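Worksheet: one structure, shown below.
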Amino acid sequence: MATNLRYVELAKQLHPRLQRFFAKYPPGQILPSSTRTNTIKDGATPNPFLPHKHPATGKWQDPEFSLRRQAELVKLAREQGVEELLPFTSKGTEERIRNRVEHGLRVRGTGVGQSVKGHLHERMLATKMEKRRTAMLGMPRLIREWRKVGKNRWSKYPR
């Protein structure tokens, strides 16, 4: 009995949004395992973060909390140290870490052997500078030819 009172005192110290959430959806750890389903049969409450099938119509119902609100609740719970009491959500820390490990950054050009696309002038810069370098290396020969032939008879302007 004393431990229950202690848990109640701890629950009263939570953020009001978390208090309301846990009042409406008690943590799965304190509920019997038969009520931890994603259907509404026998009065069990489904996970409010996931879509569920309506028992009468068989149609899928949207989750009660949007992804934005799920993320806000997870952040609050993480700050308060009670994130593990929340039902499963794709916005949870463990799920995000698992997703990051599985898929990586998913930014194009950051993988092995890839490069970011960039603008056209950025992509052409290397070849342009190489062409300019070879032209500068051939410049002394070109100047010598110019001096020999002269301006009026010059026909091979470099392109």
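The values are calculated or read from the model by the stated rules, or taken from the named source; none is laboratory data. Everything numeric in this text was worked out from a predicted model, so none of it was measured. Cβ sites come from the backbone with ideal geometry, for glycine too, and all protein chains shown count toward neighbours. Accessible surface is based on the protein model in full, side chains and every heavy atom, while ligands, DNA and RNA are left aside. Shrake-Rupley method; radii C 1.70, N 1.55, O 1.52, S 1.80 Å.
For the chain, the longest principal axis of the C-alpha atoms and the axis of helix 67-80 are separated by about 70°. Pairs of Lys residues in the chain, spaced 8 or more positions apart or belonging to different chains, with C-alpha separations under 15 angstrom: 5 in total. In this structure His54 has an accessible area near 70 Å², from a 1.4 Å probe over the protein heavy atoms.
What is the dipole size for the chain, taken about its Cα centre, with +1 at each Lys and Arg Cβ and -1 at each Asp and Glu Cβ, in debye to the nearest 20? Charge dipole, the chain, about its Cα centre: 2240 debye, nearest 20. With the simple model of a label 7 Å out from the Cα in the direction of the Cβ, Glu84 to Ala2 spans 2.4 nm. By a 1.4 Å probe calculation restricted to protein chains, Val101 has an accessible surface near 120 Å², given to the nearest 10.
In the chain, helical runs assigned H by DSSP with n ≥ 4 each contribute -39500 (n - 2.57); averaged across all residues and rounded to the nearest 500, the mean residue ellipticity at 222 nm is -13500 deg cm²/dmol. Taking every alpha-carbon pair within region 73-159, the share separated by more than 15 Å comes to 77 percent. Only protein heavy atoms count here; on that basis, with a 1.4 Å probe, Lys12 has an accessible area of about 130 Å². The GNM of the chain, with springs linking C-alpha atoms under 10 angstrom apart, assigns the highest mean-square fluctuation among Lys131, Lys75, Lys53 to Lys131. Among Ile143, Ile30, Ile97, the largest mean-square fluctuation in a Gaussian network model of the chain (Cα springs under 10 Å) belongs to Ile143. In a Gaussian network model over the chain where Cα atoms closer than 10 Å are linked, find which of Ser66, Ser115, Ser90 has the largest mean-square fluctuation. With Cα springs under 10 Å in the chain, the top fluctuation among Ser66, Ser115, Ser90 is at Ser115.
Which one, Ile143, Val116, Tyr7, projects farthest toward the positive side of the charge dipole computed for the chain from Cβ point charges (K/R +1, D/E -1)? Final value for the positive-end residue is Ile143. Projecting the Cα positions of Thr93, Val74, Gly104 onto the charge dipole of region 62-108 (unit charges on Cβ atoms of Lys, Arg, Asp and Glu, taken about the Cα centre) puts Gly104 furthest along the positive direction.
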